[in-house]
Amino acid sequence: MRVTLSLHYHTIPGQQIFISGSSKQFGAWNLGQALKMNYQENGIWNVTTEMGQTTGRVEYKYLMMDEQGNRHEEWGGNHFIDLQPEKHNVMVVDDLWQAPPAKEKPLYTNTFTRVIMKPGRNRQAVHEIQSDFVLQFKITVPRISANYKVCVLGNQDVLGNWDERQPLILNCGDDFPVWTGQVNATDLHFPVYYKYAIWDLDKQTVATWEAGADRAFFSPGKLGQKTLITRVDNSFRFPVGLWKGAGVAVPVFSLRSEKSFGVGEFNDLTGFIDWAKQVGLKMVQVLPVNETVASHNWLDSYPYKSVSVMALHPIYLNLEKLGKLNDESLMNEFTAHQQQLNSLNHVDYPEVHRLKSRYYKLIFDQDGEQLFKTNSYKKFFEANKEWLVPYAAFVYLRDKMKSPDFRKWGEFSSYNKEKIEQLCSPKSDIWEHIAVHYFIQYHLDKQLKEVSSYARENGIVLKGDIPIGISPNSVEAWTEPHLFNLNAQAGAPPDDFAVRGQNWGFPTYNWDEMAQDGYAWWIKRMQKMADYFDTYRIDHILGFFRIWEVPSDAVEALLGHFNPALPMPAQEIESYGLAFDYERFALPYIRHHLLQRLFGEQTDLVIHEYLDDLGNWKYRLKKEFNTQKKINQHFLNGIEEEELDDENRKIRDGLFELAANVLFVNTGYDQWHPRISMVKTTSFAELEDWKKERLEKLYNDYYFRRHEDFWYRKGLEKLPSIVSVGNMLVCGEDLGMIPACVPKAMSELGILSLEIQRMPKNPKVRFSHPDQAPYLSVCATGTHDMPTIRGWWEEDREKTQLFFNLELGHPDEEAPYFAEPWVCKEIIAQHLYSPAMWTIFPIQDLIAMDGLLRWDQTHLEQINYPSDVRHKWRFRMKQSIQELKQADEFNELLREYLTISGRNADY
């Protein structure tokens, strides 16, 4: 069989096109043996090859080699041809280089092809024509739901002669989103003029034509007998604008149902998915669901500090689906606990975890041995044992040693694979203490996968969350310490969330080490994510370009620096016209009048206890208090943060400020970084004006110009390999101090940005209006780190008034004191009409539109306070899911909003 491939692709002199594919003629995917194409004219490349009696599908891709030998592959999946030499002697493919517009690329992810636009009743095999001369139309259209097909109309009898009642209906079979149809070309008269359209299966009519001019296919010339010509076309030209959808964000732990146990569980997501589908939402977004148990107290409620990036959190297991205890009295006891916990208006995390852990041990003792004999368990264990065995050992040792700090585990402080395999052997004396964690993870995996399948079946996208960090006391830090900088702390520089920055306490990544095996650690993590989710949010995507690294001896993030970064030697600092004064620039600036402002009546006490007097009203911190860590350890000696009284807290925090009152921080010999927010320090304020001016120029050069190309390259070293895993839609949390290189790289990689009206990315404006959001973005009213609409409305009366007048369009009117339902409706509507691909709303903000449904405890609705590292994550919805589904008036309002705004369309 002779195959001719003709490619429409304009090149410049020196560039060469090749075909790499699955057949030996195309090099069997060996790029060194790819088939070279020949340039014709007017941007046409072609090649003819004999395929012999090869039958079946052949996949291939085009690639371009430039003069420098760099390879450029086309975007997307593979092309394919189906060879049937018994039917055709000749195949001609009129092909196109795959390069859809950036705004269409998300439609090719699993979010759409596997969920929202997943084929259903429209999935039928391609009807093959029995003719010696066949013309085949092929077009890729992912934006089409199950009640529609693609069709072709044109100036030929077989194309209906433009009659909408008689088009050629295309089919996708198992090749969605590729649509194909064949016609008998014997009687065609050329040129063929045609257009694609969307066919409504219910109404049996054209739902919409594509926009633009007619397409044309000119005579192929003399081809002989038994010829199949395939005409490949580019994107369907939708006349109705870009696709847009809406979603809702809710932590799993915040869901409420009668069947859960004092906390939202995976099983509760099914009912919430039903509600989302009922009102026309397309996405349900959750916070991280990985295991975080370290201390068995409230600190473990923080979902962004995982002790395993693979294991799921045991708190999300539904006990009823896990199985009932045979002991009726015990079941009655747990039922009583369940009723009591479900009556609370918040999640009692420690108590829920304690009781569930007890139940798991009891049900494991009862049913574990039987489960381990099943094929489903054996399959799960085999697929996950690489991470499951060390995880189970870690959890066992954590509880046995009463500490998650593996450095205190004696012989097990350094991970030894052989020793751990012996510990976890079924022959081991402690095997049941290990195996119980296999049992729990099996059921967690099973329950979450059931939810994932249910969501996909119902066309609802589950969106997960990837924390940027891990706990320093985690399975990964224990088993693969070389991948992390365990002596550093990750965080964030100051922003609207936390004016003194954030110190998350995570180790930073050793990216150079991770690169050695092609970021295998990340790839495994993302593959696990794809088991459950089709979309995910990358927490703090800036961390892939640079992370804010806080020294191990600091508590606050103000003394941090970016890593990687390009520090400044003293000589470079002096090039700005400043003599590098080590004492004035690098040591804490402490003067008597500053102490009086900070400590008032306690100034003399502070001087006596914590400072050395250098004379002339100058001071320095005593050696035993010269770092924030030392200061903190002194004040928290034997007590918890919450137990620190106000007087000592004031002194401690004042000493923190003194320690951070420097202009430069040091990361090695002659490696200096301007301290973040330098211009807000009292040290800066008391400089001469000419020094301030030069330091400000240096500061702006360093933070806003110096690193752009450097960080751009660093981001593109890592992200392409990571975000390509699983074909998921990726959304980046890109709030805060954003270098210009980040949105550029995100756009190139198809990563959606996050747009928050209250957190404009343009520092020159107070608010960013939703109608200014880019299409490839998620436009949201807030995040879990922010107050709800109602909470924010009451924080700052002056800011609220300005927002009301300028953003909501009520000039000269006085803003209501509270965010009344009508105010919330206006804000929600603004976001729905945004050009953004997605609008995602915290559930609290949606319910705020209904005066009867919303909770009167406004400020208890905020999920997290980023400035409080000991915050309790315990928000729970006021309504049960069942009550939400029965809120007819509210649901009808939301459904109407979504429909009118075009965010609940079929295609």
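The values are calculated or read from the model by the stated rules, or taken from the named source; none is laboratory data. Remember, predicted model here, so these are calculated numbers, not experimental data. When we count neighbours, we look across all protein chains shown, and the Cβ atoms used for this are built from the backbone with ideal geometry, even at glycine.
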Review point. Does any residue in segment 698-721 that is of a type in the set (G, A, S) come within less than 7 Å, Cβ to Cβ, of a residue that is surrounded by fewer than 16 Cβ atoms within 10 Å (Cβ to Cβ) and not in a helix (DSSP H, G or I) six or more places away or on a different chain, and which pairs are these?
Key: S721/G518
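Only one of M746, M759 is in a loop (DSSP other than H, G, I, E, B) and either in contact with a strand residue (DSSP E or B) (Cβ under 6 Å, 6 or more places away or on another chain) or not assigned by TED's automatic domain parsing to the domain that holds L598 (or both). Can you tell me which?
Values: M746 fails: in a loop (DSSP other than H, G, I, E, B).
One residue alone meets the criteria, M759.
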Practice item. Identify, by number, the condition in (1) assigned by TED's automatic domain parsing to the domain that holds Q671; (2) in a loop (DSSP other than H, G, I, E, B); (3) within 34 Å of the chain's Cα centre (by Cα) that P588 doesn't meet. Key: (3)
Check your understanding: In segment 738-759, which residues are crowded, with 16+ Cβ neighbours inside 10 Å and either of a type in the set (G, A, S) or within 15 Å of H831 (Cα to Cα) (or both)?
Key -> A745, G750, S753, L754, E755, I756, Q757, R758, M759
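For segment 339-373, what are the residues that are outside any helix (DSSP H, G or I) and either acidic (D, E) or over 30 Å from W855 (Cβ atoms) (or both)? Quick ask: steps written out before the conclusion?
First, pick out the residues of segment 339-373 that are outside any helix (DSSP H, G or I): 343-348, 372-373.
Those that are outside any helix (DSSP H, G or I) and either acidic (D, E) or over 30 Å from W855 (Cβ atoms) (or both): D348, F372, K373.
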Review point. Of the residues that make up segment 824-842, is at least one over 28 Å from L462 (Cβ atoms), under 30 Å from the mean Cα position of the chain (by Cα) and outside the structural domain of V352 (by TED's automatic domain parsing)?
Key: yes
Review point. Does segment 675-686 contain at least one residue that is farther than 23 Å from L598 by Cβ, of a type in the set (D, E) and at pLDDT 95 or above?
Key: no
Check your understanding: F137 passes all but one of (1) assigned to a loop (DSSP other than H, G, I, E, B); (2) modelled with pLDDT of 95 or more; (3) of a type outside the set (S, T, N, Q); which number fails?
Key -> (1)
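Look at S295 and say whether it is outside any helix (DSSP H, G or I), crowded, with 24+ Cβ neighbours inside 10 Å and assigned by TED's automatic domain parsing to the domain that holds L397. Spell out how you get there, then give the answer.
On the way: outside any helix (DSSP H, G or I): yes; crowded, with 24+ Cβ neighbours inside 10 Å: no; assigned by TED's automatic domain parsing to the domain that holds L397: yes.
Answer is no for this residue.
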Review point. Yes or no: V730 surrounded by 18 or more Cβ atoms within 10 Å (Cβ to Cβ), touching a Leu at 6+ places or on another chain (Cβ under 8 Å) and either modelled with pLDDT under 95 or among the β-branched types (V, I, T) (or both)?
Key: yes
Point to revise | Members of segment 679-712 found to be among the polar types (S, T, N, Q) and assigned to a helix (DSSP H, G or I), listed by number | key: T682, S683, N700
Exercise for review: Could you run through segment 372-386 and say how many residues are closer than 17 Å to L317 by Cα and over 34 Å from the mean Cα position of the chain (by Cα)?
Suggested key: 0
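Considering only residues that are aliphatic (A, V, I, L, M) and closer than 22 Å to T783 by Cα, which ones fall in segment 875-907? Show your work before the answer.
Here is the first cut: in segment 875-907, the residues aliphatic (A, V, I, L, M) are 877, 881, 884, 887, 893-894, 898, 900, 905.
Scanning segment 875-907 gives M877, I881, L884, L894, L898.
State whether one or more residues within segment 107-119 are among the aromatic types (F, W, Y), under 30 Å from D202 (Cβ atoms) and either within 32 Å of the chain's Cα centre (by Cα) or assigned to a strand (DSSP E or B) (or both).
Our first condition is that a residue be among the aromatic types (F, W, Y); within segment 107-119, this holds for 108, 112.
In the following step, the residues that additionally are under 30 Å from D202 (Cβ atoms) were identified as 108, 112.
Going one step further and asking which of them are either within 32 Å of the chain's Cα centre (by Cα) or assigned to a strand (DSSP E or B) (or both), we end up with 108, 112.
Scanning segment 107-119, I find at least one residue that is among the aromatic types (F, W, Y), under 30 Å from D202 (Cβ atoms) and either within 32 Å of the chain's Cα centre (by Cα) or assigned to a strand (DSSP E or B) (or both), so the answer is yes.
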Exercise for review: Sort out which residues of segment 665-692 are within 34 Å of the chain's Cα centre (by Cα), crowded, with 18+ Cβ neighbours inside 10 Å and farther than 28 Å from E609 by Cβ, and write them in order of number.
Suggested key: W672, H673, P674, I676, M678
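Can you confirm whether segment 396-404 contains a residue that is at positive phi and in the same structural domain as A311 (by TED's automatic domain parsing)? Before you say what the answer is, go through the steps one by one.
The initial filter retains those residues of segment 396-404 that are at positive phi, namely 402.
Narrowing further to those that are in the same structural domain as A311 (by TED's automatic domain parsing): 402.
The answer is yes, given that some residue of segment 396-404 is at positive phi and in the same structural domain as A311 (by TED's automatic domain parsing).
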Point to revise | Selection status of Y775, surrounded by fewer than 20 Cβ atoms within 10 Å (Cβ to Cβ), outside any helix (DSSP H, G or I) and of a type in the set (S, T, Y) | key: yes
Exercise for review: Kindly indicate the residue of segment 865-907 that is of a type in the set (A, V, I, L, M) and closer than 16 Å to L281 by Cα and also surrounded by the fewest Cβ atoms within 10 Å (Cβ to Cβ) among those meeting that condition.
Suggested key: I900
Review point. How about segment 1-77: which strands (runs of 3 or more DSSP E) wholly inside it have at least 1 residues that are β-branched (V, I, T) and over 15 Å from L96 (Cβ atoms)?
Key: 2-8, 44-50, 56-65
Exercise for review: Residue by residue through segment 599-645, note down the ones that are closer than 20 Å to V555 by Cα, part of a helix (DSSP H, G or I) and either of a type in the set (S, T, N, Q) or at pLDDT below 95 (or both).
Suggested key: Q628, N632, Q633, E641, E642, E643
Review point. When you go through (1) within 15 Å of the chain's Cα centre (by Cα); (2) part of a helix (DSSP H, G or I) one by one for S753, which number turns out not to apply?
Key: (2)
Exercise for review: State which residue pairs qualify: first residue in the same structural domain as R256 (by TED's automatic domain parsing) and inside segment 875-901, second residue surrounded by fewer than 19 Cβ atoms within 10 Å (Cβ to Cβ) and acidic (D, E) in any location, beta carbons under 7 Å apart, and separation of 6 or more residues or different chains.
Suggested key: none
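Tell me, yes or no, whether segment 153-171 has at least one residue that is under 20 Å from L83 (Cα atoms) and assigned to a loop (DSSP other than H, G, I, E, B). Can you show your working first?
Step one: list which residues in segment 153-171 are under 20 Å from L83 (Cα atoms), which gives 170-171.
Cutting the leftovers down to assigned to a loop (DSSP other than H, G, I, E, B) gives us 170.
Within segment 153-171, one or more residues are under 20 Å from L83 (Cα atoms) and assigned to a loop (DSSP other than H, G, I, E, B).
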Exercise for review: Out of L223, L228, L201, report the one residue that is more than 34 Å from the chain's Cα centre (by Cα), of a type outside the set (D, E, K, R), in the same structural domain as P85 (by TED's automatic domain parsing) and within 20 Å of I144 (Cβ to Cβ).
Suggested key: L201
Check your understanding: Taking the stated definitions as given, is D796 of a type in the set (D, E, K, R) and either free of Cβ contacts under 8 Å to residues at least 40 places away in the same chain or touching a strand residue (DSSP E or B) at 6+ places or on another chain (Cβ under 8 Å) (or both)?
Key -> yes
Check your understanding: Do we find that L644 is farther than 30 Å from T508 by Cβ, aliphatic (A, V, I, L, M) and without any contact (Cβ under 8 Å) to a residue 24 or more places away in the chain in this structure?
Key -> no
Exercise for review: Answer yes or no as to whether V279 is in the same structural domain as I460 (by TED's automatic domain parsing) and either closer than 30 Å to R870 by Cα or in contact with a Cys (Cβ under 9 Å, 6 or more places away or on another chain) (or both).
Suggested key: no
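Return the total of residues in segment 7-56 being among the small types (G, A, S) and more than 39 Å from the chain's Cα centre (by Cα). First the steps, then the outcome.
Our first condition is that a residue be among the small types (G, A, S); within segment 7-56, this holds for 14, 20-23, 27-28, 32, 34, 43, 52, 56.
Cutting the leftovers down to more than 39 Å from the chain's Cα centre (by Cα) gives us 14, 43, 52.
Total meeting the criteria: 3.
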